[in-house]
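The values are calculated or read from the model by the stated rules, or taken from the named source; none is laboratory data. It should be emphasised that the depicted structure is a prediction, and the values quoted were computed from it without experimental measurement. Neighbour counts are summed over all protein chains in view; Cβ atoms, including those assigned to glycine, are modelled from backbone coordinates with ideal geometry.
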Amino acid sequence: MAPSYQYWHPEMETLSRPELEAHQLRQLKRMVSNASRTEFYRPRLLEAGIRGEADIRSLADLKRLPFTTKHDLRASFPYGMLCIPLEEVIRLHASSGTTGTPTTIYFNREDIRRWTGFVARSIYSTGCNKTDVFQNMITYGLFTGGLGFHAGGEEVGMLVIPSGSGNTTRQFKFMQDFGTTVVHATPSFLLHVEAKMREEGVNRESIRLKRAFAGAEPYSEDTRRRIEELLRIDVYNSYGLSEMNGPGVAFECQAKNGLHIWEDGYIAEIVHPETLEPVRDGEVGELVLTILCREAMPLLRYRTRDLSAFYTEPCPCGRTHRRLRRITGRTDDMLIINGVNLFPSQIEEVIMAVKEVGNNYLIVVEKEGVLDRLTIKIEVGPTIFMDDTRPLNALRERIRKTLQAAITINARVELLEPGSLPVSEGKATRVLDSRPRDV
Ligand code: ADP
Ligand code: ZN
């Protein structure tokens, strides 16, 4: 389909750099002033020599602000970062708790309205409009992906089906009955949906699906292409986190060349995860975000632990907001296998590029004596017969060698029948690490 590059908020999406920065500075002052009213930030800002917004004169002053971590959010639970009276708060959401106790975020009425605007803008940038039928195949409840996308979809004027995640048979039924044209799901669930479609004999012609928003967990470019080819749809990368409201932080436009971070709502920095100094443009580092569009709960220089880089070249779509490279994982996802650093995404990149590989895999790390043992369990695709040992052995050996060349680790490769690994309806669990913690 030829990209139409339609804008939801034409003025904001195409602001010149100086205009965008002037807007950021105005909002940053406001956020700092709000933050200095919270129990958590007040002493920290004073310590940094910032008494209020008057001390923020340019965007360069951002560097003087303290970083905030997930630990800080947990320590100030429940209301330590709230800066408005509780009676003004109308909603709370929480993180999924992938890396520990979930953290809680609060919104007032305007916050919800602004958040919805960013999600609507993101959805619209992929070419959707009010003629679309949108099936939100993600967990509702405290997780922001449910209500966040739901409200954004309604704002665009689409017909929104709050199907929630799981139950693929029912999902197919909805798609057929209502003529769903776009879905939102995790990439791992989309792969599962495709496998189930084949298994249940659902005819592709019986559904009208054109697009999917896929996010909430890292996935490789090959995984995107695989989903696009198998389901014959366009897949757009959606990035967000509950601390920054949820979805609608950064999103791919129809050029599909990285995710526009909405810079009128967020200030993004990319820093070296240890020195916390900014990296050069284009270099990978930890994404640090300051929210500019929330009144109830400020969050300054939040260390997301997500790894990304800036693309600075202009995007053909004409939007001026910078783009982030696909997030490859979190700093704390890193595995150390016999002294070698390894990200699960490096393994995914290798195996998803092998066409005989199926739609699911699991990385298992164990201790064997004094050594770490890495096993990759991989489901094969429908074209591979498990009884035919020779081609199977050859495939196993080919994957093992490619992995070794890519990650310099000799991993054990186990090939399994399609459907044998556990499927998650939300974020997939890709790593089972049974090594004792203190090692
Ligand atoms: P939790 O931190 O408990 O998983 P959230 O539900 O708020 O809580 O999830 C946000 C996190 O999910 C992000 O910080 C990031 O690690 C991951 N994430 C979200 N979208 C993407 C994406 N498109 N690509 C990679 N990772 C993503
Ligand atoms: Zn673009």
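Quick look at the values:
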| item | result |
| --- | --- |
| Top-ranked residue in region 308-334 [being surrounded by 21 or more Cβ atoms within 10 Å (Cβ to Cβ) and not in a loop (DSSP other than H, G, I, E, B); ranked as farthest from ligand 2 (Cβ to nearest atom)] | 308 |
| Set 349, 295: member being surrounded by fewer than 22 Cβ atoms within 10 Å (Cβ to Cβ) and either at pLDDT below 95 or within 16 Å of ligand 2 (Cβ to nearest atom) (or both) | 349 |
| Region 381-416, residues that are in a loop (DSSP other than H, G, I, E, B) and closer than 15 Å to residue 355 by Cα | 381, 382, 383, 384, 385 |
| Qualifying residue in region 240-254 (condition: farther than 30 Å from residue 31 by Cβ and in contact (Cβ under 8 Å) with a residue 60 or more places away in the chain) | yes |
| Selection from region 39-95 of residues that are of a type in the set (Gly, Ala, Ser) and farther than 29 Å from residue 272 by Cβ | 52, 54, 94 |
| Among (1) at pLDDT 95 or above; (2) within 16 Å of ligand 1 (Cβ to nearest atom); (3) surrounded by fewer than 22 Cβ atoms within 10 Å (Cβ to Cβ) - the single one residue 93 does not satisfy | (3) |
| Test for residue 430: is it of a type in the set (Lys, Arg) and either at pLDDT below 90 or farther than 30 Å from residue 143 by Cβ (or both) | no |
| Residue match in region 70-85 (condition: touching a helix residue (DSSP H, G or I) at 6+ places or on another chain (Cβ under 6 Å) and surrounded by fewer than 20 Cβ atoms within 10 Å (Cβ to Cβ)) | no |
| Every pair of residues 6+ apart whose Cβ atoms lie under 7 Å, when the first sits in region 6-24 and is within 20 Å of residue 62 (Cα to Cα) while the second is of a type outside the set (A, V, I, L, M) and surrounded by 14 or more Cβ atoms within 10 Å (Cβ to Cβ) | 17/320; 20/263; 20/264; 20/320; 23/264; 24/263 |
| Some residue of region 181-190 being more than 14 Å from residue 235 (Cα to Cα) and not basic (Lys, Arg) | no |
| Candidate set from region 228-273 (those that are more than 13 Å from ligand 1 (Cβ to nearest atom) and β-branched (Val, Ile, Thr)); member that is surrounded by the fewest Cβ atoms within 10 Å (Cβ to Cβ) | 271 |
| Residue among 11, 39, 21 that is part of a loop (DSSP other than H, G, I, E, B) and either touching a strand residue (DSSP E or B) at 6+ places or on another chain (Cβ under 8 Å) or not small (Gly, Ala, Ser) (or both) | 39 |
| Pick from region 96-145, criterion touching a residue at least 12 places away in the same chain (Cβ under 8 Å) and charged (D, E, K, R), ranking: surrounded by the most Cβ atoms within 10 Å (Cβ to Cβ) | 121 |
| Every residue from region 154-183 that is β-branched (Val, Ile, Thr) and in a helix (DSSP H, G or I) | 156, 168, 169 |
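Residue-by-condition table, conditions (1) farther than 25 Å from residue 227 by Cα; (2) buried (at least 17 other Cβ atoms within 10 Å of the Cβ):
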position	(1), (2)
366	yes, no
385	no, no
394	yes, no
405	yes, no
411	yes, yes
426	no, yes
